[in-house]
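The structure appears right after this line, and notes come after that.
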Amino acid sequence: MASEKYILCDSSSLISLTDTCLESVLRFFHRSNVFFIIPPSVEYEIITKPLQMKMKAYQFSAMRLKKLMEDEVLMKVEAETDAPAKEILQLTNSIFFARGKPLHMVDMGEAEMIALAKNLRITTLLMDERTTRMLVEAPFEIKDHLEEELKVNIMVNSNNLQRFSDIVSGMRVIRSSELVAVAYEKGYFDNFGNEKKKMLEAALYKTKFSGCSIRFDEVDDLLRIER
Amino acid sequence: MLIREIFDEMAAAFRRRNSRHMRKLNDRIMIETAVEFSKEMYELSVLSYVLGKILSKPRFFSPKYKQNMNAIQNTLELARKAKDPLSLLPTLEREVGRLESEDPRFVIDLFTKGRLKMAAIFYAQGFSLGRASEITGVPKSEILSYAGKTMMFEKVKTEVSVEKRLHFAREALGG
C-alpha cells in the first residue's frame, strides 16, 4: 500500500476541475492514497454557498464536489488557523503600496489556506488562482505587473515580504494542469487508446479556458514533455 | 477623481453619445478604484462600463429607445446636480433595466455583466481571485470562467518552469 499523501486545495482548482468535468482525476489519485484537503472556508465557498444560491446552474458543480466529500476524496480539515490567517492577511495586504496606501491583494480565504498548509505541514498546494501563487513564488513579478496595469509606482515593504516569504518557504504550488498531466502519465486517459495524447491536449486547453492560470506556451511545454 | 467630476464627465459623454469617451472614463475609474478602493468608486466603474456598453450599440439610438435613453440622460443630469449624486444610482440601474427589457438578448443584465467584467479586471490587474470576488460580490466561479477566456494569464511570467512544477506534481502524487 502506498503511503498517504496530502495535497491542500484552494477553491479555484476545484472550480476549474469541476467546470472541465475532470474532478474524477481527484478520485483517480485517491485510489493511490492521495488525500485532497480543504479548509472549511473552501467547503463553504464551493459547496455550501452555491447550494444556497437561487441560480441552479451553480449547484451542478457543488453537487459533484459534495459527493467527493462524502466519498472522502476531498477532506475538510478544521484546524486552529484564525490567528495565523489574520497575520498572513495583514502581511500580504501590507507588502505592496501605491500612492502610499497598502494594496489589499488577497482575501481571508486565501490567507487561511496558507495558514492551514503551515499548520498541517502540507507542502503541496493545488491552486489555479494566479495572484496568491505568484505571491508565494515570485512576488516581484506581481510588483512589475501592478505597475504596468495601474500605471503607478509600487513600493514594496521588504520586511513584510520577507516575513511572508519565511511563512511560505518550502511550499510548492501545482495547478490542475499538472494534476491532469500526471494523471495522463499514470493512465487516466488510456481508455482513449491512440487518441489519449489528443485527449490530454484537449483537457489542458479546457482547463486553461476554465480559469487555470497557465499560459499557452506552458501548455505547449507540457504537451512536449508528455509524449 | 471626485465623484461629482465623474458624473459631469459621464453625463457629457452620454449626452454626446460618445462611447469612446465613456470607455476611457471607465479605464480611469478602474485604476482609481484599484489603487484607492472604495465601494462608491467601484459602483461608478460598473456604471461607466454599462453606459459605455449602451453607447456602443447602435440599436439603442433608434426611435424605439428614445424615451429610455432620455430617461437615462435625465437621471445623469439630475445626479450631477444632486447633493448626493450616488443616491441616483438605483434609479439609473432601474432605467437601464427598462431599456434592456424592451428587447432582452442575454440571460444576465448589463449591470450583472458589468460587475463580472470589473471583477475580472481587478483579477487581471493583479489582485487575487478572492479579493476580486470580495470587492465585487461576483462568485469566483464566474470570474474564473471569464478570466480563462481572456489573455490575462499570458501577461505574467513565472519563475517556476513547467518541468519543475511537473516534478513537484509527480512527487506530490506519488509519481
Check your understanding: Is it fair to say residue A:173 is surrounded by 19 or more Cβ atoms within 10 Å (Cβ to Cβ) and either modelled with pLDDT under 95 or not acidic (Asp, Glu) (or both)?
Key -> yes
Revision key, fill the gap. The residue that is surrounded by the most Cβ atoms within 10 Å (Cβ to Cβ), considering only those in the range A:54-69 that are touching a helix residue (DSSP H, G or I) at 6+ places or on another chain (Cβ under 7 Å) and within 12 Å of another protein chain (Cβ to nearest Cβ), is A:65
Exercise for review: Name every residue in the range B:143-175 that is farther than 15 Å from residue A:212 by Cβ and crowded, with 21+ Cβ neighbours inside 10 Å, in order of residue number.
Suggested key: B:172, B:173
Exercise for review: Check whether at least one residue in the range A:216-225 is within 7 Å of chain B (Cβ to nearest Cβ) and more than 19 Å from the chain's Cα centre (by Cα), and report yes or no.
Suggested key: yes
Revision key, fill the gap. All-but-one check, residue A:202 against (1) within 13 Å of another protein chain (Cβ to nearest Cβ); (2) surrounded by fewer than 19 Cβ atoms within 10 Å (Cβ to Cβ); (3) of a type in the set (Gly, Ala, Ser), failing number (1)
Revision key, fill the gap. Residue B:64: passes all of (1) charged (D, E, K, R); (2) closer than 30 Å to residue A:113 by Cα; (3) exposed (fewer than 15 other Cβ atoms within 10 Å of the Cβ) but (2)
Check your understanding: Picking from B:142, B:171, B:163, which residue would you name as being assigned to a helix (DSSP H, G or I), facing chain A (nearest Cβ under 7 Å), without any contact (Cβ under 8 Å) to a residue 60 or more places away in the chain and not hydrophobic (A, V, I, L, M, F, W, C)?
Key -> B:163
Point to revise | helices (runs of 4 or more DSSP H) within the range B:1-79 that include 3 or more residues among the small types (Gly, Ala, Ser) and out of contact with any strand residue (DSSP E or B) (no Cβ under 6 Å at 6 or more places or on another chain) | key: B:3-15, B:39-55
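The values are calculated or read from the model by the stated rules, or taken from the named source; none is laboratory data. None of the values given here were measured: they were computed from a predicted structure. Cβ atoms come from the backbone with ideal geometry, glycine included; neighbour counts cover every protein chain shown.
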